[in-house]
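Enquirer: Please read through the structure below; I'll follow up with questions.
The values are calculated or read from the model by the stated rules, or taken from the named source; none is laboratory data. Because the structure is predicted, anything quoted here is derived from the model rather than measured. Ideal geometry is used to build each Cβ from the backbone, glycine not excepted, and the neighbour counts take in all protein chains shown. Please note that ligands, DNA and RNA were not included when accessible areas were found on the heavy atoms of the full protein model with its side chains. Shrake-Rupley method; radii C 1.70, N 1.55, O 1.52, S 1.80 Å.
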Amino acid sequence: DPSANGGNGDYVAGTCVIAPPIHIAPFQAFWVQTGNVNPELSTGFYLETMESGFFKDQPGIANLNSDTENPFGDVMHASFKVAGEDGVFTNQAHLLFSDEGTLGIDRFDVPKLDASALAQRWISFHTLDDSGKPYAFRSLPSDFGDQLTIPMDIRTTEAGMFELTWDLPSTSVFNVSFWLRDNHSGRVVELIEGGTYRFEIDDIVEKRSEKLPLVSTSISLGNEEVRNEHPVEPRFELLIAKPGVDGLGSLGDLPDRVSLAQNYPNPFNPSTIINFELPQQGQVRLEVFDMVGRRVATLVEGSLQAGRHQVNFDASNLPSGIYMYRLQSANAVLSRKLTLIK
């Protein structure tokens, strides 16, 4: 996609295993990977207009998905997206869980291609297998035992603050929890639907060779070989845990006391992030009050596991002003001020 990442260009990965259909705009080239012995590719060209993105008002888009029933069976999908503060540099990594998925290479895996050979400025966010090969879509078995750890890494030319967001399968369908360890800070967080994780990148690609040894891997595409270099220690570890598994204990990080951090950003409009820590599992209430003591929002109410938690507070329905947010647990009551400016 030549318009991606502020016009610097990037590869866009997709798979017919899950919706939505894969669209290819005019003048775009594409790779197709298939696991079939005698594959067939049909491109039904038709007119289509999309409301946003580089497909807008582009006639003649090729659709690489059919409207027939999905031949791959039930596939659960987890997606992870990183974005820079300016919103320009973004990239995604995906996990697929199915009865046909394996811990090794299978027909659902999609290798990751970064734009390092095409653009001066680029970003790549991907998962890694045991050999260090990068994947845009990593296929895994839905029954993997009690827990599974997946390395995730970022390579980019851009330094600064980034935000990680995610879209996870419903626990009613896939009863697991997701935990993330930031190997640079040592911080461990449970990934709750609707949450975000902010982090800083300062070891950009040009500087990494001075700090970390690199492992070189390659992917063969026809007669071309695309090489990728990755640091020995990836930026993140993703733990996928079945019920009863202590995610924090497995990743080696438990807080020693109850704490409530200052929200970020502050002042804010209209949403902000609140982080807090619990040394043990218990009942917790996180509430927001105005300056006359009226409760205006309840963000958390119920039992939470020990560890570091992150909550998004959306104040779109509140007027500008100073508010108090209060964390109440069995062992502590902590409060801080936040400022909403519209």
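Enquirer: Evaluate region 52-62: report whether one residue or more is open to solvent by 60 Å² or more (accessible area, probe 1.4 Å), over 20 Å from P111 (Cβ atoms) and at pLDDT 75 or above.
Expert: Within region 52-62, none of the residues are open to solvent by 60 Å² or more (accessible area, probe 1.4 Å), over 20 Å from P111 (Cβ atoms) and at pLDDT 75 or above.
Enquirer: Now for a different question. Examine region 123-131 for a residue that is more than 18 Å from the chain's Cα centre (by Cα), on the phi < 0 side of the Ramachandran plot and either open to solvent by 20 Å² or more (accessible area, probe 1.4 Å) or modelled with pLDDT of 95 or more (or both), and state whether such a residue exists. Talk me through it step by step, then tell me what you get.
Expert: Residues of region 123-131 that are more than 18 Å from the chain's Cα centre (by Cα), as a first pass: 130-131.
Right, trim to on the phi < 0 side of the Ramachandran plot and you get 130-131.
Going one step further and asking which of them are either open to solvent by 20 Å² or more (accessible area, probe 1.4 Å) or modelled with pLDDT of 95 or more (or both), we end up with 130-131.
Taking every residue of region 123-131 in turn, at least one turns out to be more than 18 Å from the chain's Cα centre (by Cα), on the phi < 0 side of the Ramachandran plot and either open to solvent by 20 Å² or more (accessible area, probe 1.4 Å) or modelled with pLDDT of 95 or more (or both).
Enquirer: Against the condition in a loop (DSSP other than H, G, I, E, B) and over 29 Å from M152 (Cβ atoms), how does G244 come out, does it pass?
Expert: Working: in a loop (DSSP other than H, G, I, E, B): yes; over 29 Å from M152 (Cβ atoms): no.
For G244, the condition - in a loop (DSSP other than H, G, I, E, B) and over 29 Å from M152 (Cβ atoms) - is not met.
Enquirer: Further, regarding this structure: Whether any residue in region 321-328 is closer than 26 Å to F178 by Cβ and open to solvent by less than 50 Å² (accessible area, probe 1.4 Å) is what I want to check. Walk me through it before giving the result.
Expert: Taking region 321-328 first, the residues closer than 26 Å to F178 by Cβ are 325, 327.
Of the ones still in play, those that are also open to solvent by less than 50 Å² (accessible area, probe 1.4 Å) are 325, 327.
Yes, region 321-328 contains a residue that is closer than 26 Å to F178 by Cβ and open to solvent by less than 50 Å² (accessible area, probe 1.4 Å).
Enquirer: Next question, about the same structure. State all residues of region 329-338 that are assigned to a strand (DSSP E or B) and either exposed (fewer than 15 other Cβ atoms within 10 Å of the Cβ) or in contact with a Leu (Cβ under 8 Å, 6 or more places away or on another chain) (or both); if no residue qualifies, say none.
Expert: Quick first cut of region 329-338, residues assigned to a strand (DSSP E or B) only: 333-338.
Passing the criteria: V333, L334, S335, R336, K337.
Enquirer: Are any of the residues in region 249-258 touching a residue at least 12 places away in the same chain (Cβ under 8 Å), assigned to a helix (DSSP H, G or I) and closer than 29 Å to Q147 by Cα?
Expert: yes
Enquirer: Of all residues in region 271-299, which are open to solvent by less than 60 Å² (accessible area, probe 1.4 Å), of a type in the set (V, I, T), at pLDDT 95 or above and out of contact with any Ser or Thr (no Cβ under 9 Å at 6 or more places or on another chain)?
Expert: Once the filter is applied, which keeps residues that are open to solvent by less than 60 Å² (accessible area, probe 1.4 Å), of a type in the set (V, I, T), at pLDDT 95 or above and out of contact with any Ser or Thr (no Cβ under 9 Å at 6 or more places or on another chain), region 271-299 yields only V296.
Enquirer: Then there is this: Can you name the number of the only condition in (1) among the β-branched types (V, I, T); (2) surrounded by 17 or more Cβ atoms within 10 Å (Cβ to Cβ); (3) at pLDDT below 85 that V215 fails?
Expert: All conditions are met except number (2).
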